[in-house]
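Undergrad: I am attaching a structure below and will ask some questions about it afterwards.
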Amino acid sequence: QLYVEAIHCDPDFDKAYCGLANTLSNSSTIYLRDGRLMDKRRLCEEALRRNPNTAEAYYALANSKPARLPDGRMLNKKQLLIEALRCNRDYSAAYAALAETVQGSETVALVDGRTLDKKQLLLEALRCGSENGMAYFALAQEVAAGETVQLQDGRVLGKKQLLIEAVRRKRSHSKAYCELAKLLDVGETVWLDEKCKLGKRQLLLEAIRLDENCGEAYRSLGCALSGGETVQMPDGRKMNKKRLFMEAVHCQPNDSNTYILLADTLAANEKAKIRRKRRSLDRAQLYQEAIRLDANNGEAYNRLAMTLREGEKTTFSDGRTFNQTQLFIEAIRRNRDHPYAYYNLAQVLVPPDTANLADGRVLNQKQLRAEVIRCDPDDSNAYIGLGVQLAAGE
């Protein structure tokens, strides 16, 4: 209402149109005092009619579909953000938003002649706005474990420190808490300020308190618990590993690996209720669901094979039927360096039988155990099994 009054008092006040636009969602509308019905886009266009160098108007337009400007140009999100930076070289939020549009090693040419990649855009965002929590978070996603980056104020920060800065600047950013928790070892804590020190579980619980649909936080918290352990949630409920993974599946129904984690918590004849599917699934069905979501998930084939007994078969929803040996071979086809699939296949193979792998290799039991060692040189069982075979003269 204050912005509406400002426009009524000065119909050429471009900043008032932008301010009002930023209070609206992309689908909401508002009436001005003169009776005009305005949405976010029309308000930004009005601002640009009055001042074509209004950076805030270009930025607000970039949050919607490609926009036609009063001068007739049709600009997409990236072009609108470049225009915003043309008008204001020190616009932190525009640098951060522009970085979101950049993929891989792609670069962006700005109007002032600079060519910046994603990381450089985020560094510029922090140069202009050192309190921009989202920029710290986005920059952390671009930094590998063990890598550091030097900010323009001279600070040298690694991935963990960038995420701590992200949380400090934006205490409501659930994903930042979750990503920070993943980097902590058991028992390790971080100081968010001089009074607040949190460990791995506390960070994950805070992420869930901020966003009850943060599937990644439920999943990470489930991985942090031991078998019979429970944890009290922000809403007072107590959950064990199984319940946490069930919540993770509910929040992220298309995450293949979470179905594997949930299946691994179940006993042989136990089932887990999947709320979105409105039915309960046993271990084998959960592994099949993981495969349906990601046909290249070798671990899901390996785990599914381990639910079968000798001579048993499993049938997929598309009609394909596999026995245990075929599933281990499928696991290797999806992941050529999967040590457990080679190990398990060696266990079910009876010499002098051989396994015909999908890549054309024909391996006997001894060769399969050698593959286990190639994939995992620390697997003692493979050495023992191979040694026994050699001692027997095989």
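Undergrad: Go over the candidates 50, 41 one by one and state the one that is in contact with a strand residue (DSSP E or B) (Cβ under 7 Å, 6 or more places away or on another chain) and closer than 22 Å to residue 85 by Cα.
TA: On inspection, the qualifying residue turns out to be 41.
Undergrad: Restricting to the range 348-367, and then to whatever is more than 15 Å from residue 331 (Cα to Cα) and of a type in the set (S, T, N, Q), can you tell me which residue is least open to solvent (accessible area, probe 1.4 Å)?
TA: It comes out as 365.
Undergrad: Considering each of 2, 98 in turn, give the residue that is under 34 Å from the mean Cα position of the chain (by Cα), at negative phi and of a type in the set (A, V, I, L, M).
TA: 98
Undergrad: Find the helices (runs of 4 or more DSSP H) located wholly in the range 303-394 whose residues include 2 or more that are within 23 Å of residue 257 (Cα to Cα) and of a type in the set (Asp, Glu), and list them.
TA: Output list is empty.
Undergrad: In this structure, does residue 207 turn out to be surrounded by 17 or more Cβ atoms within 10 Å (Cβ to Cβ), part of a helix (DSSP H, G or I) and in contact with a Cys (Cβ under 8 Å, 6 or more places away or on another chain)? Write out each step before concluding.
TA: On the way: surrounded by 17 or more Cβ atoms within 10 Å (Cβ to Cβ): yes; part of a helix (DSSP H, G or I): yes; in contact with a Cys (Cβ under 8 Å, 6 or more places away or on another chain): yes.
Against the criterion (surrounded by 17 or more Cβ atoms within 10 Å (Cβ to Cβ), part of a helix (DSSP H, G or I) and in contact with a Cys (Cβ under 8 Å, 6 or more places away or on another chain)), residue 207 qualifies.
Undergrad: When you check residue 5 against the structure, is it at pLDDT 90 or above and either part of a loop (DSSP other than H, G, I, E, B) or open to solvent by 60 Å² or more (accessible area, probe 1.4 Å) (or both), yes or no?
TA: yes
Undergrad: For residue 35, work out the one condition from (1) assigned to a loop (DSSP other than H, G, I, E, B); (2) touching a helix residue (DSSP H, G or I) at 6+ places or on another chain (Cβ under 9 Å); (3) over 20 Å from residue 70 (Cβ atoms) it doesn't fulfil.
TA: If we test residue 35 against (1) assigned to a loop (DSSP other than H, G, I, E, B); (2) touching a helix residue (DSSP H, G or I) at 6+ places or on another chain (Cβ under 9 Å); (3) over 20 Å from residue 70 (Cβ atoms), just (2) comes out false.
Undergrad: So, one more: Return the pair list, or none, for Cβ contacts closer than 9 Å from residues in the range 367-394 that are farther than 19 Å from residue 348 by Cβ and among the hydrophobic types (A, V, I, L, M, F, W, C) to residues that are open to solvent by less than 90 Å² (accessible area, probe 1.4 Å) and part of a helix (DSSP H, G or I), at least 6 apart or on different chains.
TA: From residues that are farther than 19 Å from residue 348 by Cβ and among the hydrophobic types (A, V, I, L, M, F, W, C), the pairs are 390/366.
Undergrad: Can you tell me which of 153, 117, 90 is surrounded by fewer than 19 Cβ atoms within 10 Å (Cβ to Cβ) and either of a type in the set (A, V, I, L, M, F, W, C) or under 24 Å from residue 44 (Cβ atoms) (or both)?
TA: 90
Undergrad: Only one of (1) more than 28 Å from residue 121 (Cβ to Cβ); (2) hydrophobic (A, V, I, L, M, F, W, C); (3) out of contact with any Leu (no Cβ under 9 Å at 6 or more places or on another chain); (4) touching a residue at least 24 places away in the same chain (Cβ under 8 Å) is not met by residue 30, so which one is it?
TA: (3)
The values are calculated or read from the model by the stated rules, or taken from the named source; none is laboratory data. The structure displayed is predicted, hence computed values, not measured ones. Cβ atoms come from the backbone with ideal geometry, glycine included; neighbour counts cover every protein chain shown. Surface accessibility is based on the protein's heavy atoms, side chains included, excluding ligands, DNA and RNA. Shrake-Rupley method; radii C 1.70, N 1.55, O 1.52, S 1.80 Å.
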